[in-house]
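**Student:** Quick one: this structure, given as structure tokens, is what I'll be asking you about.
The values are calculated or read from the model by the stated rules, or taken from the named source; none is laboratory data. Nothing here was measured: the structure is a model prediction, and the numbers come from that model. Glycine gets a Cβ as well: all are built from the backbone with ideal geometry, and neighbour counts include every protein chain shown. When the accessible area is computed, the model is the full protein with side chains, heavy atoms only, and any ligands, DNA or RNA have been set aside. Shrake-Rupley method; radii C 1.70, N 1.55, O 1.52, S 1.80 Å.
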Amino acid sequence: MMEHLYYDAAAMDLLRTTRNTLSNRTGSWRHMRPEFGLKAAACAAACPAGNPIARFMAAASDGRFEEALRELKKENPLPGVCGRVCPRPCEAACNRAEFDEAVGTRAVERLLGDMGAEFGLCLPATMGKTGKRVAVAGSGPAGLSCAYHLALSGHDATVFEAGGEPGGLLRFGIPAYRLPREALDRELGFIDALGINMKTGCRADAALAARLLDEFDAVVAATGALVSPGLGIEGEGLAGYFKGLEFLAAANAGEASGIGKSVIVIGGGNTAVDAARCALRLGAEDVTVMYRRGREDMPASDEEVAEAQEEGVKFVFHAAPAKLVGEGGRLRGVALMRMKPGEPDESGRRKPEPVAGSEREAHADAVIEAAGGRADNPFGRALEVDEWGATDNEKLFVCGDAAPGARTVASAIGGGKRAAIMADVFLRELDIKEVKRKVLVGGNGAASAAAHREGEAAPGADGSVVRFKNVNTAYFSRAARAAKLERLSPEARVAGFDEVSAVCGSAAETARAEASRCFRCGECDDCGNCLVFCPDMSIIGKAAAVGAAPGFDGDYCKGCGICARECPRGVIRMIEEER
Amino acid sequence: MKEVMMGDVAVARGVKLARVEVIAAYPITPQTIIVEELSEICGRGELKARFIKVESEHSALACCMGASMAGARTFTASASQGLLLMHEMLHWSAGARTPIVMANVNRAIAPPWNLWSDQTDSLSQRDTSWIQLYCENNQEVIDTVIQAYRIAETVYLPVMVVLDAFILSHTSEVVAVPEQEDVDRYLPPFKAALTLDTNDPRAFGSISGPIEYQKLKMARHEDMMGAVEVARRADIEFGEIFGRKYGIAERYRCEDAELILLTSGALGGTAKIAVDALRESGAAVGALRVRLFRPFPADDIADAIGGAPKVAVIDRNLSVGAGGIFAQELKAALYDRERRPAVFGFTGGYGGGDFTPEVVEKIARRALEMDKPDSPTLWEAIP
Amino acid sequence: MPEIRLHGRGGQGAALASRLLAEAAFIEGRHAQSFPAFGLERRGAPVTAYTRIQDTPILNHSKIYAPDAAVVLDATLLKLANVAEGLKPGGLVVINTDKGPGELGLPSGLRVAAVNAGAIAAERGLGSRLAPIVNTAILGAFAAVSGAVSLESVLEAIRRNVAFRTEDNAAACERAAIEVETALL
Amino acid sequence: MKRARMENELVSKGHVACPGCGAALAMRYVLSVLGPKTIIVLPACCWSVITNRHPECCLEVPVFHTAFETAACVASGVRAALEVKGDNDTNVLAWAGDGGTFDIGLQALSGAAERNDDIIYVCYDNEAYMNTGVQRSSATPWGAWTTTTPATHFKGQEKKNIMEIMAAHRIPYAATASISMPEDLMAKVERARDTRGTRFLHIFCPCPTGWRSSPDLTIELARAAVESRAFPLYEIFDGAKRRLSLDPAPPAPVADYIRPQGRFRHLDSEQIEAIQNRVDEEWLSLLRLIENNPA
């Protein structure tokens, strides 16, 4: 009777537990599962150049500026340029705008770009040489971006530039007070650093085009849209009538003079505003920009318009020239028509129509036409170009203003990059569908050359873009914008071509403070929230480096979704469990 | 060393000798003297125990259970309503196999208010898996407290030492107090087989399915049944050291008896006086005092009854709707035996009622006169 | 088999007196049992306590219904309780009173011992004048007249168990043993 | 944003808490600070199930399952035994829900607190008897649905103020904490760990199952309760000196906290306004207490 007694091993194990719960796979309870993956920030999805904004902001907020610049240079060779002249679609899309105020992304980009003076070019690694030769016609932002990314991909790029120096529109179209030449030249240092052949003084005419197609493995046309259509009115032969781009080119080359006292600029884009402001700087006293539509339809950036107004440029809306009036071959003025908005046209804007009997004459010593250029592609005027820059000719690609689409520096940089990726796909005989599926930031924005080179998916390539509702603002505190621009006085500005604006304060402090405001949407910064708030201890893996997101333990994760909800930056989302 | 002491004091002195480490108790008449005496003993530093002055009996037992799980030798005491308040924890502490020892002073259950002896409080805990020992006098009280730890810590089941309210608790008697060194020899320090140990983290009492639950409960039952032998040996070994032993069912002049008087508690002694008188007058009557009620020592009792054709059970308790509890237990224990005497169940003497030797004698004579009991419960008592 | 019933009022020390008697018997090497009437004792209310003394172990745990002696700590109790109830024929009543044993109206056939234990206790400063503690004094009288226990044993029991004013109590006890006056009614 | 440091992970995967369980998180945080030298006393509550069935247990410290109302007294017993054994380092943690604390276990808790027994008592408050299927407790707030306070007869009494009850016992340390603020919570556990006597932590733990809220909102609701001042975070030292841990100024509207929860779905805007007023009053009276006796 005593034998069975009292706490034999079997009885003990009935009284107390013998193991933990690891054999209990609660993952089977799950309906939804978290998906960890870098997403496109709303700003990045809106950036035509495909700048990795969240990524470089992360480094910059830590004061790791060199790394920040290097990240930026993976996608964009010209941050110092974009940081000055870009109309900031990123800031318009910034999720932080709904919280307090959009992040001053352009200012940070500009500061980083300028830090290149200190850190050097900070170029990303170049892939092994392919031996393929690619010709790029044009060294504007599109051509440069294209050549840059081709070179990074290991191709041998040769750029043909009609002018004496590389830069295209950046050099002849954008005045130095907006883009100082030293900032431009510094960034163009990559041409030598990457061994890009630069043939200046080589205008790509039809003959050269044919030769390039013959001699090179691939050819990229980035020849811009420089053909002025003219006003198409009487008096264009009068002295004192200028075409905008030609006027800007002369002004930027320091070759313009004698513009007269009273100048009328016809047009509503940045070229018009630039021309007007250059005219002021060349001695004009009374400069008016005349636009046939209303203020709200004006394509020029608000910032440029405001600066121009401060400098004394007048704006007249709903007016269009009917003819130029001259005396003895010399322009005297313009006959103007009042315009009124008519039916909407294809762009959705209301087409201006002249008001009968509204004609009057305005005095002008000079008239500058700045209505926007037209492409005259030497590779074929009627080429069909798709949005990736591909044409019917498998070795010919088109980008920049020569291709359809928006005409900003950032778009040109993005277009050049897309064309470079397409050329690379062609040269390496890659699966084009696969590449297209993986490289678009947010699935619909600019392409990521880094993703392409590294063979990884661009942030949010599957179409996931982090919007404000995906951001958990509980983890951010309100902070006013740190990066502000200070400007020269209007009097000082018009006295020459000195750069009008500068970012206030110490570059490092400002860049860091402003970058710290960035939510870094879609970017895992290893904050640990998912780990700490997981009731099931099912977050595994730690971000080894910035940019890597953790994963989850499918054996135990019950799919509660707290990790996704508490991710400050929208890196995690809940998706239907595969059944 | 002999002293005159009350039953409650004897309990406290037994606790001291057992070197109890944690005490948690709540006062209730007629147990109060136990907690007062222990407070004095601990206060004087004669016992290095933590005495937790809890806010209820329920907490008292819960507290002991926690302390026992953490490896300490523990004690509590209660009575009546207090014991009933403990009821949940009685089950829990036994299920957790904590070898707690408790003294329960049998007191009637209200309403109406009544302070005097009635075993119904402890007997209604018979299904809680507690071992129960009923004492006849204060000497047995102090000795049984010491034996209780020996039994509890062998079978890992808690033990209740039961004494009658006032009849023992407040009655001063001459008691031989065991020597500490003898007690230490008899009762080594408590070494818990299972404790809450941070070096071996386990959970005790986790939700279990029917298979584990039934196995555990059956194991507890087996161990409880085995406790008959453990209690017997604990008593024998106690006798070897201290020269006193009680057995688990104490026989008195049972040989060739026509009638056995079965009693428990302090009534046992009174019954012996009655037996002497009855034998004197020629009636063949013996007495049997059940000391161990749980586990119920059915074999020992059947053996003691032997061939006696009649047993009169005197129950100082009443299970309303069934009768005296010892009588029921006895009938159940004898049912499937070959020799089944007629069992006469008498109840009384509770709530302040008294059994004198004369009353017990009367009960015996009545049982001797009758062929069979005329009702399940034959009531006899002096108001 | 001496069985003694003590009558007192709550707070007078009847229960202690019964225990001291048991202690005294124990000191003499005999067996003893002492218990209060298990009531709801309240200060001032009539209470009883019992002592059972014998030479063999005491098996009986019933109450005492026919005592050999009754000890009455307060004569005023005579109005409230029948102190002679159940006394065996020739039984002894020891009573604290300033009257003589024959003046108390107790039934015949009893042995009555009277002692002014209140005065003795008051002299020794035991208790207050309004409520003297008479238990030790009256035990002296009981020992002297009953022969159930010796005075020496009672004094020893007092010395062992009474912590407060021990010698005053012992002195009162001795004094009462001398002053007690007995009558057979 | 600073990352909360988890020193120890003593809850193993595979426990059986509902998805999004706040109580599971509370245990992680508390054990992270207390470490492996901790003994848990676990009365009937969600956690007596979360550990999982025999023979498994997800807690990597010793656990004693006990009856509903006995967390504090069993813990007192464990502590007493450790003391007599000379072990003064092991933490004794009574881990009870609101039912086991505010209601059935209050007597034992009061007893332990009055004796100032050396235990850490954590009440993880999910504001109802969740383990038995959402019945009201005295921690259930006014207006809430439970299965015993149906929407047609929702709870008409205010939540019991357990913190002030504990303060009245003059225990050395009592604090409220929220699982949405693990750093603050863990700092308080640390303070509790380093104090002797009865220490009481009232941890607010949303329950998606009982609150009829989406499981992913657990942290958000816990945070909203703090930011709307419905659940103020503060500490009480020696039952007297008080310190606010966080002043959510300006507070978020209580409606932000109430609205995502199904248990308040039946309330109209006037009733929510009444809750807002009550929260405002309670906050002011807490501020007065703090002003009168700041830590």
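**Student:** Evaluated at 25 °C with a viscosity of 0.890 mPa s, what Stokes-Einstein diffusion coefficient in µm²/s does region A:374-451 have when Rh comes from the Kirkwood expression over alpha-carbon pairs?
**Tutor:** Rounded to a whole number, D works out at 192 µm²/s.
**Student:** Roughly how large is the A-B contact in terms of buried accessible area, totalled over both chains, probe 1.4 Å, nearest 100 Å²?
**Tutor:** Summed over both sides, the interface buries about 1700 Å².
**Student:** When N is the residue count of chain D, what does its C-alpha Rg come to as a fraction of 2.2 N^0.38 Å?
**Tutor:** 0.94
**Student:** At R0 = 25 Å, how high is the FRET efficiency between B:Ala322 and B:Ala277 if r is their beta carbon distance? Nearest 0.05 is fine.
**Tutor:** For R0 = 25 Å, the calculated efficiency reads 0.20.
**Student:** If you don't mind, another one. Taking 7 Å along the Cα-to-C-beta vector as the label spot, tell me the C:Asp55-B:Asp371 distance in nanometres, rounded to one decimal.
**Tutor:** 4.8 nm
**Student:** Anything losing 40 Å² or more of accessible area from the isolated chain to the full protein assembly: pick those residues out of region B:179-210, probe 1.4 Å, ligands and DNA/RNA ignored.
**Tutor:** B:Leu194, B:Leu196, B:Thr198, B:Pro201, B:Arg202, B:Ala203, B:Phe204, B:Ser206, B:Ile207
**Student:** Roll a 1.4 angstrom probe over the protein heavy atoms and tell me the percent of accessible area of chain B that is carbon or sulfur.
**Tutor:** 51 percent
**Student:** Provide a whole-number value for the mean count of partner chain Cβ atoms within 10 Å of the Cβ atoms in peptide A:557-570.
**Tutor:** Taking the mean over all residues of the peptide, I get 5.
**Student:** Okay, next question. Taking a ≥ b ≥ c as the square roots of the eigenvalues of the Cα gyration tensor of region B:107-199, is the shape rounded (a/c under 1.5), prolate (a/b larger than b/c) or oblate?
**Tutor:** oblate
**Student:** Accessible area lost on pairing D with A, both sides, 1.4 Å probe, Å² to nearest 100?
**Tutor:** The buried area between D and A, both sides summed, comes to about 3100 Å².
**Student:** Right, another one. For q = 0.23, 0.25 Å⁻¹, what log10 I(q)/I(0) does region A:279-357 give under the Debye formula with an equal point scatterer on each alpha carbon and no solvent?
**Tutor:** Normalising to I(0) and taking log10 leaves -1.13, -1.18.
**Student:** Shifting gears a bit: Looking only at other chains, what is the average number of their beta-carbon atoms within 10 angstrom of each beta-carbon in C:53-66?
**Tutor:** Across the residues of C:53-66, the mean count of other-chain Cβ atoms within 10 Å is 6.
**Student:** Name the residues of region A:304-338 whose amide N is less than 16 Å from a point 7 angstrom out from the Cα of A:Glu491 along the C-beta direction?
**Tutor:** Correct set: A:310-312.
**Student:** On the full set of protein chains, 1.4 Å probe, figure out the accessible area of B:Met225 and give it in Å² to the nearest 10.
**Tutor:** Approximately 80 Å² for this residue.
**Student:** How far is it, in nm, from the label point at A:Ala508 to the one at A:Ala10 when both lie 7 Å from their Cα along the line to the Cβ?
**Tutor:** 7.5 nm
**Student:** For region D:1-84, what percent of Cα pairs sit more than 20 Å apart?
**Tutor:** The proportion of pairs with Cα distances above 20 Å equals 37 percent.
**Student:** Another question, then. Kindly work out what percent of the DSSP beta bridges joining two residues of chain B are antiparallel, to the nearest 5.
**Tutor:** In chain B, DSSP labels about 25 percent of beta bridges as antiparallel.
**Student:** Keeping every protein chain present and rolling a 1.4 Å probe, give me the accessible area per residue for region B:250-379 in Å².
**Tutor:** So region B:250-379 comes to 38 Å² accessible per residue, rounded to a whole number.
**Student:** Based on the Cα atoms of chain C, what semi-axes does the equivalent ellipsoid have, where each is the square root of 5 times one gyration tensor eigenvalue, given in whole Å with the largest first?
**Tutor:** Over the Cα atoms of chain C, the ellipsoid semi-axes are 21, 20, 16 Å.
**Student:** Short version: which residues of region B:218-241 lose at least 50 Å² of accessible area, all chains versus chain alone, 1.4 Å probe?
**Tutor:** Those residues are B:Asp223.
**Student:** Still on this structure, I have one more. Provide the descending list of Cα extents for region B:2-242 along its principal axes, expressed in whole angstroms.
**Tutor:** 52, 46, 34
**Student:** On a C-alpha basis, how far is the centre of region C:20-70 from the centre of region A:48-68 in Å? Whole number, if you could?
**Tutor:** Cα centroid to Cα centroid, the span is 98 Å.
**Student:** Something else now. Quick one: Cα convex hull volume of the protein assembly as shown, Å³ per residue?
**Tutor:** Measuring per residue, one finds 238 Å³ for the Cα hull of the protein assembly as shown.
**Student:** State whether region A:112-164 is rounded, prolate or oblate according to the following rule on the C-alpha gyration tensor (a ≥ b ≥ c being the square roots of its eigenvalues): a/c under 1.5 gives rounded; otherwise a/b larger than b/c gives prolate, and the remaining case gives oblate.
**Tutor:** Because a/c hits 1.5 or more and a/b fails to exceed b/c, region A:112-164 counts as oblate.
**Student:** Compute the Kirkwood hydrodynamic radius of region A:235-283, taking the inverse of the mean of 1/r over all pairs of distinct Cα atoms, and give it in Å to one decimal.
**Tutor:** Evaluated on region A:235-283, it is 10.9 Å.
**Student:** Per residue, how much accessible area does chain A have with a 1.4 Å probe, in Å²?
**Tutor:** That works out to 40 Å² per residue.
**Student:** Could I get the Rg over Rh figure for region B:250-379? Both from C-alpha atoms, Rh via Kirkwood, rounded to two places.
**Tutor:** On the Cα set of region B:250-379, Rg over Rh gives 0.92.
**Student:** Report the net charge of residues surrounding A:Val465, where surrounding means a beta-carbon distance below 12 angstrom and charges are Lys +1, Arg +1, Asp -1, Glu -1.
**Tutor:** +3
**Student:** What accessible area per residue, rounded to a whole number of Å², is obtained for chain C using a probe radius of 1.4 Å?
**Tutor:** 42 Å²
**Student:** Ignoring ligands, DNA and RNA, please state the percent of accessible area on region D:142-272 from carbon and sulfur, probe 1.4 Å.
**Tutor:** C and S atoms contribute 51 percent here.
**Student:** Going down the list A:Lys73/A:Lys243; B:Lys53/B:Lys215; A:Lys243/A:Lys314; A:Lys74/A:Lys199; B:Lys53/D:Lys241; B:Lys215/D:Lys13, which pairs span over 30 Å between their C-alpha atoms?
**Tutor:** A:Lys73/A:Lys243; B:Lys53/B:Lys215
**Student:** Chains D and B: what accessible area do they bury, summed, in square angstrom to the nearest 100, with a 1.4 Å probe?
**Tutor:** Buried area (both sides, nearest 100 Å²): 2900 Å².
**Student:** Hey, with R₀ at 56 Å, roughly what FRET efficiency would B:Asp182 and D:Ala252 work out to, going by the Cβ-Cβ distance, to 0.05?
**Tutor:** Calculated value: 0.15.
**Student:** Next up: For the pair D:Asp268 and D:Trp142, how long in nm is the line joining their label points, each one 7 Å along Cα→Cβ?
**Tutor:** For D:Asp268 paired with D:Trp142, the spin-label model returns 1.7 nm.
**Student:** Go ahead and set up a Gaussian network model of chain B, Cα springs under 10 Å, then flag whichever of B:Ala249, B:Ala79, B:Ala283 fluctuates most.
**Tutor:** B:Ala283
**Student:** Of all the accessible heavy-atom surface of chain A, with the other protein chains kept in place and a 1.4 Å probe, what percent is carbon and sulfur?
**Tutor:** Summing carbon and sulfur atoms, their accessible area is 49 percent of the total for chain A.
**Student:** Residue separation times 0.36 nm, minus the C-alpha to C-alpha distance between A:Leu383 and A:Phe468: what's the value?
**Tutor:** 26.5 nm
**Student:** Right, another one. So for chain A, what percent of the C-alpha to C-alpha distances run longer than 32 Å?
**Tutor:** The calculated P(r) of chain A puts 53 percent of pairs beyond 32 Å.
**Student:** Given 37 °C and 0.692 mPa s, how large is the Stokes-Einstein diffusion coefficient of region B:1-45 in µm²/s, with Rh as the Kirkwood radius over Cα pairs?
**Tutor:** It comes out at roughly 302 µm²/s.
**Student:** To the nearest 0.05, how large is the calculated FRET efficiency for C:Leu184 and B:Asp256 if R₀ is 60 Å and r is the Cβ-Cβ distance?
**Tutor:** 0.80
**Student:** Mind checking the mean number of beta-carbon atoms from other chains within 10 Å of the Cβ atoms in C:25-36?
**Tutor:** That average works out to 4.
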